[in-house]
Amino acid sequence: MSEIKPSEAALTDDSAEETDWAAAKAFFDNLKTNKPRPPKPRYAVTIAVSSRTLFNMVAERKIYEDEGLEKYVAYQQEHESEPLKPGAAFPFVKALMTVNARLRELYPDSEELFDIVLMTNNHAQVGVRLINSINHYDLTIERFCMTGGKSPIGYLKAYMTNLYLSKDAEKVTEAIEEGIAAATMFMPETEAETKLSDTQLRVAFDGDAVLFSDESEIIVKKHGLDSFFEHEKEFENKPLAQGPLKCFLEALGKLQRKFYEKNERMNCPIRTFLVTARSAASSGARVLKTLRSWGLEIDEALFLAGAPKGPLLQKIKPHIFFDDQMFHIEGAKELGTISAHVPYGIGQKYHKGKLIEQPEKKK
């Protein structure tokens, strides 16, 4: 398969932008550096991470909540030479960099890479500590968006974001409502650190309300399993509508195919997993046929028929696991999996199968 390229119309519309990029590239090409440069946003798979997902800032957050903004900023400046500890997204970001290194080996001039953007509502005064921490861990993060207390969500589309990770559930919900793949990240609850792969990015997805819409889950919640099985059998050959993270799986698939083109399928540094509570025989065919209709592959599909996901995830050891239900997120966290909640669909109104009383919206 050929490399990912924009349409001819897009090339025409963006001719001025191409001229600007060419001029900038020509300038920077004359500057000697061993530091990898970020790719053009149009070709990149852009991952926006908040500072509190990339680094563990629990202590700093407490200062902000208890003592206010000025004390928080002063503390960060006083400790700016001390690197922050890794947070929930840190292993994921390191794995993205591993994939980039392999892509550069195979395609030295390709712009189709992961581009990591630090997207934070921190004030610029805190930037020095963040920069020092990034350099301490030798992370390749060159693009920053620091909004000084304002929500950064409005900038996500401008950065052409493919995935946004945050610890702020409200911002994540806002991003999803804007049509951007997003999730709220959680650290594992176990004290023992899980050994994750340092040669392969491993990403696990739930199906309904994550990769797919919540149309089938609505039937389960409102009419029960028997109606759900009947519905899935009847519509087995009708693809499910896409969910909020379908576009991210699609982006991963495009990069995977670049390795396949070089006969590196067996050594591909990206591996994807579908971990779903669906039953295979009763409702699995529609899921697999939907992926096929999208032209997407999943490396491993695990149909659990309602069994807990945590033990399987413990074996998979993903750098990140996406699910729409906090019940599954909690189970995964307890067994050491870095998890990301996707606040989308009817599942947000239920917990462990029971309807949650929804607070009245403010008028």
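What follows draws every value from the coordinates through simple rules; no lab data is involved. From a predicted model like this one, the values you see are computed outputs, not experimental measurements. When we count neighbours, we look across all protein chains shown, and the Cβ atoms used for this are built from the backbone with ideal geometry, even at glycine.
Inter-part distance, segment 242-312 to segment 144-186, computed on C-alpha centroids, equals 24 Å. Between Thr19 and Ser293, the simple label model (points 7 Å from Cα in the Cβ direction) yields a spacing of 4.5 nm. In whole angstrom, segment 38-116 maps to an equivalent ellipsoid with semi-axes of 34, 12, 11, each derived as √(5λ) from the alpha carbon gyration tensor and ordered largest first.
Annotation note: chymotrypsin sites (Phe, Trp or Tyr not before Pro) in segment 218-271 located in DSSP loop regions with a Cβ neighbour count of at most 16 within 10 Å are Phe235. Computed extension length for Ser151-Glu105: 12.8 nm, one decimal, from 0.36 nm per residue of separation with the Cα-Cα distance subtracted. A run of the chain free of exposed loop cleavage sites, with GluC sites (Glu not before Pro) counted only in DSSP states other than H, G, I, E and B and at most 10 other beta carbons within 10 Å, reaches its longest extent at 1-190. Let's test the formula: R0 of 45 Å, r as the Cβ-Cβ distance of Gln125 and Ser282. What FRET efficiency results, to the nearest 0.05? Efficiency, rounded to the nearest 0.05: 0.20. Relative contact order, whole percent, for the chain stands at 17, derived from Cα pairs under 8 Å and 6 or more residues apart. Scaled against 2.2 N^0.38 Å for its residue count N, the alpha carbon radius of gyration of segment 153-281 is 1.25. The relative contact order of segment 201-319 comes to 35 percent, based on Cα pairs under 8 Å that sit 6 or more residues apart. Computed from point charges on the beta carbon alone (+1 for Lys and Arg, -1 for Asp and Glu), the dipole magnitude for the chain about its Cα centre is near 460 Debye. Each stretch of four or more DSSP H residues adds -39500 (n - 2.57); spread over every residue of the chain, this sum gives -12000 deg cm²/dmol at 222 nm. Take the convex hull of the alpha carbons in segment 38-185; its mean projected area over all directions comes to 8.4 nm². Out of every Cα-Cα pair that the chain contains, those further apart than 27 angstrom amount to 51 percent.
Normalised by the number of residues in segment 134-218, the average gap of Cα pairs under 8 Å and 6 or more apart makes the relative contact order 16 percent. The shape of segment 201-355 can be summarised by an equivalent ellipsoid whose semi-axes, obtained from the alpha carbon gyration tensor, come to 25, 19, 13 Å from longest to shortest.
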